[in-house]
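Derivation of every value follows stated rules applied to the coordinates shown; laboratory data play no part. From a predicted model like this one, the values you see are computed outputs, not experimental measurements. For neighbour counting, all protein chains shown are included, and Cβ atoms are generated from backbone atoms with ideal geometry for every residue, glycine included.
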């Protein structure tokens, strides 16, 4: 199973995957409350951050778009929303859902750790058809790629799971619960996780 870094020609397909897999997510269905036109507004929302990740982070995906991860490098967190023009981009992208999107994103940002530079894993999605045993292979490939990047560069990583089970699943790749749960007013709880970089011991040292 091959993991690849996204190119410009991949971005539409990646946004299709993200939107399909988060369409009925326990939190995102409250962010995008109106089902009428939800797919289009969510798609444009994800495209805003996918475009940012192309410049300030990375996007790796499994062949045939079976799974994807979108992440940001430490420097992204130091750039102000005004510099990135995030507010106006989200307003244009999310239309009638803008107020809920802005409230959710601001609420998450208030909880975001700022004690040390770190990567931010923004999104992980696995195509529905590849869940089950196949999904485990997709997840292992995605998180294996991410772990190699984190450990090579020596940075920790923060992420938010929209389901409690995400805290358990990500333990396999060194993530631990950063808090029991968090809550942005008006939305369900989410579950933050944190991973410290890990050293790989060379065989010659064993």
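Brief remarks on what is shown
- Computed log10 I(q)/I(0) for the chain at 0.14 Å⁻¹: -0.84, from the Debye equation with unit scatterers placed on every C-alpha and solvent omitted.
- Helix-only mean residue ellipticity at 222 nm for the chain, each DSSP H run of n ≥ 4 adding -39500 (n - 2.57), per residue, nearest 500: -13000 deg cm²/dmol
- Average Cα contact separation per residue, the chain, under 8 Å, 6 or more apart, as relative contact order %: 22
- Contour minus Cα-Cα distance for residue 129 and residue 102 (0.36 nm per residue): 6.6 nm
- Between residue 115 and residue 55, the FRET efficiency estimated from the beta carbon spacing at R0 = 25 angstrom works out to 0.50.
- Inter-label distance, nm, simple model (7 Å from Cα along the C-beta direction), residue 39/residue 2: 2.9
- Two-decimal Rg to Rh for segment 4-73 - Kirkwood Rh, Cα set: 0.98
- Mean Cβ count within 10 Å, highest first, over the residues of peptides 51-57, 116-122: 116-122, 51-57
- Dividing the radius of gyration of the alpha carbons in segment 54-142 by their Kirkwood radius gives 1.03 for Rg/Rh.
- Separation of alpha-carbon centers, segment 140-205 and segment 93-117, rounded to whole Å: 20
- Rounded to 10°, Cα long-axis angle of helix 98-111 versus longest principal axis of the chain: 40
- Between 0 and 90 degrees, the angle of helix 38-56 with respect to the longest Cα principal axis of the chain falls at about 50 degrees.
- On Cα atoms only, tilt of 133-153 relative to the major axis of the chain in degrees: 70
- Residue among 182, 172, 47 with the largest mean-square fluctuation in a Gaussian network model of the chain, springs linking Cα atoms under 10 Å: 172
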